[in-house]
1. What accessible area, in Å² to the nearest ten, does a 1.4 Å probe give for Cys490?
2. Let a ≥ b ≥ c be the square roots of the eigenvalues of the Cα gyration tensor of region 151-290; is it rounded (a/c under 1.5), or, if not, prolate (a/b larger than b/c) or oblate?
3. Quick one: what are the phi-derived ³J(HN,Hα) couplings along region 419-436, Karplus 6.51/-1.76/1.60 with θ = phi - 60°, whole Hz, x for glycine and proline?
4. Please report the equivalent ellipsoid semi-axes of region 239-378, computed as sqrt(5 x eigenvalue) of the Cα gyration tensor, largest first, in whole Å.
5. Provide Met626, Met410, Met361, Met574 ordered by accessible surface of protein heavy atoms (probe 1.4 Å), highest first.
6. Could you list the square roots of 5 times each eigenvalue of the Cα gyration tensor of region 453-564, that is, the equivalent ellipsoid semi-axes, sorted largest first and rounded to whole Å?
7. For Asp551, tell me the accessible area in Å² from a 1.4 Å probe, rounded to the nearest 10.
8. Which length gain, in nm to one decimal place, applies between Leu191 and Leu432 when the Cα-Cα distance is subtracted from 0.36 nm times their residue separation?
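The values are calculated or read from the model by the stated rules, or taken from the named source; none is laboratory data. What you see is a predicted model, and the numbers here were worked out from it, not measured in a lab. Neighbour counts run over all protein chains shown; Cβ positions are idealised from the backbone, glycine included. Please note that ligands, DNA and RNA were not included when accessible areas were found on the heavy atoms of the full protein model with its side chains. Shrake-Rupley method; radii C 1.70, N 1.55, O 1.52, S 1.80 Å.
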Amino acid sequence: MATPKPQKRKTLRYFAEEEEKKKPRDVQWKKKQWDKKTPQGEQRNKKAQSGIMQEKGKPPAQEKGKPQEKGKPPAQEKGKPPAQEKGKRPGQSGQQKQQQNMDKTGKFLRKPRMNAKRRNKWDPQKKFISGKRDPFPGDSSVHKNRIEKYERARKSQLNRKPFVKSKSSLHQSEVKRQTVITQAAKHDLLLPEESGFLKGDEGEDTCTITQQDIAEVVDITSASKHFNLVLKQFGPYRTNYSRNGRYLLLGGQRGHIAAIDWYTKKLHCEINVMETINDVRWLHSHTMFAVAQKKWLYIYDNLGVELHCIKQFNDVLRMEFLPYHFLLATCSSTGFLQYLDVSVGKEISATCVRAGRLNVMCQNPHNAIIHLGHSNGTVSLWSPTVKEPLVKMICHNGAVRALSVDRTGMYMATSGTDKKMTIYDLRTYKPLSSCYLPLGAGTLCHSQTGLLAAGVGNIVQVYKDTHVTAPRSPYMCLSVTPPIHGLQFCPYEDVLGVGHGGGFTSMIVPGAGEANFDGLESNPYETKKQQREWEVKALLEKIQPELITLDPTQLVEIDTATVEQKRNESLEQMGIDPTKKTPFVPRNKTKGGNSTGNVLKRKKIVAEVEKREEIKKSIAGREEKMKSAEEKVTEGHRSALDRFKK
């Protein structure tokens with residue numbers, strides 16, 4: 001016999017819940033708060049059930065004649081704060097704060113208020129500390145000229161629709177680049193220094209102002225930048241400043257070498273190699289420099305100790321160092337252009353220029369292209385990975401004597417034996433202006449702000465705004481002992497270093513250097529630790545020689561080669577067309593399924609399916625063409641012959 005099922009207690013539970021709801025609210029609340037398995041909690045529950053409620057702000061009254069129970073605090077006297085228990089911090093507990101917000105029946109009067117500071121912190125409408133709205137909402141506007149100053153490359157433009165991922169990544173990089181440019185332009189107002197130029201009185205020519213006049217007017221620190229080193233025994237001298245502009249390297253033609261900290265006039269090293277010196281160059285830091293001696297190329301440290309003798313580079317006449325690529329470019333009397341990787345110590349490339357003796361060379365600081373001047377009046381542009389000149393220009397009727405490219409890489413100055421100095425625009429490779437110099441310029445050099453210095457005989461002439469107007473009267477002049485063998489502007493300083501037959505002269509040229517330097521790029525006041533960290537970072541960010549091109553912005557753009565070109569390249573390299581569809585081969589089947597009839601049927605079915613797909617695609621293409629043609633034909637230009645169009 002089956003036992004009856006027990007009755008469900010759902011109804012009983014329901015009535016129990018109803019009874020709980022009918023109870024007074026104060027009893028419910030007290031029961032929830034004091035329902036603890038402690039003797040104090042049980043006593044409080046009993047008092048709450050019996051209807052004894054404590055009045056707001058008053059302690060429970062103590063009956064007369066009864067001693068105080070153990071574990072309970074003594075009653076509070078009038079006008080005195082409650083006694084603090086041991087091990088407890090002063091202040092209200094959570095229950096006391098809740099009781100303050102209740103009435104006598106135990107009901108809540110209002111919600112506990114949030115702290116004002118906390119409320120303002122989480123309030124989304126109040127975004128400002130003072131609570132006032134910004135009278136000028138939005139980002140501050142920046143002038144276009146300031147933004148153009150910090151732009152390094154043009155925005156990439158895609159002719160075709162790129163993939164979704166590449167499109168989003170390109171957009172994000174463009175946004176980041178634009179924000180960095182605008183922030184740098186906005187912070188121009190915070191730069192501490194401003195560049196200025198020398199300005200004479202009415203009717204006064206600035207080229208008549210001497211160095212002594214400038215030294216008397218300027219402060220002591222600026223006046224100390226003009227000095228002369230009388231070195232008549234081993235001249236004329238080739239000069240070179242380090243990248244941060246602090247250290248000076250001198251190389252006399254008769255073997256004298258000196259490395260100086262010209263800020264403090266401290267001599268680092270001084271040696272005589274007892275051999276003809278053709279050129280000197282600092283390498284990536286002031287701890288190493290290269291010297292092109294009579295036979296071979298030598299590397300020394302800043303103490304004058306010989307580190308390397310590179311015999312592969314023989315008969316070197318001129319040198320240029322590419323700081324971002326760690327390459328030392330040299331040209332020799334044998335007609336070879338060679339590149340040495342300083343970080344590895346290996347020769348990257350050696351190119352025979354086939355233009356005779358190479359004694360005129362300069363680099364374009366914008367794209368690291370080497371410019372060579374030849375005896376037939378031409379200038380050629382070279383890259384280490386290309387064996388032929390990238391560009392060849394006919395600049396003079398005679399041999400080229402000097403070359404210089406400005407900081408932006410847009411203007412090139414040349415001088416030749418025809419006694420002409422010409423300014424070329426490297427974007428169009430056409431001359432902008434030309435002037436005639438009586439003796440011709442033997443050396444040329446551009447400053448960071450665009451000033452052009454020319455060594456004419458025994459006079460150093462500095463020209464201003466040569467790319468805007470034709471150079472007529474010089475900005476400043478200085479007479480030195482002939483011949484002038486080397487010219488270079490000091491980075492971040494208004495100083496021009498002149499190496500001549502009588503030694504070395506430091507010439508003050510107002511407005512020649514950049515007023516503010518980037519401490520992360522080249523810091524004149526860097527410590528040894530900062531110099532070591534910068535060297536490691538520069539080696540990690542080293543640019544490969546394959547990336548040296550005429551237009552460095554091409555590296556950012558996407559190669560939009562056609563499908564046919566890619567197909568032909570793959571055919572030439574691999575001998576297989578990857579786009580060609582492989583023929584259908586049915587797999588083997590057992591129990592008669594692999595007969596010739598069944599195999600042919602399967603092949604026929606697959607061929608029919610493929611044919612249908614091709615027909616569908618062709619129909620869809622025709623419909624798209626028809627739609628595009630209908631959109632092109634407007635109502636106003638319809639003619640009677642439109643009905644014959646298909």
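1. For Cys490, solvent-accessible area is about 0 Å².
2. Numbers: a/c = 2.98, a/b = 1.60, b/c = 1.87.
Oblate, because a/c is 1.5 or more while a/b does not exceed b/c.
3. Couplings: 6, 10, 10, 10, 9, 10, 8, 6, 7, 10, 6, 10, x, 9, 8, 8, 9, 9 Hz.
4. After scaling each eigenvalue by five and taking roots: 24, 17, 14 Å.
5. Listed by decreasing accessible area, they come as Met574, Met626, Met410, Met361.
6. Numbers: eigenvalues 268, 116, 41 Å².
In descending order the semi-axes read 37, 24, 14 Å.
7. For Asp551, solvent-accessible area is about 40 Å².
8. Difference between extended and current length: 83.4 nm.
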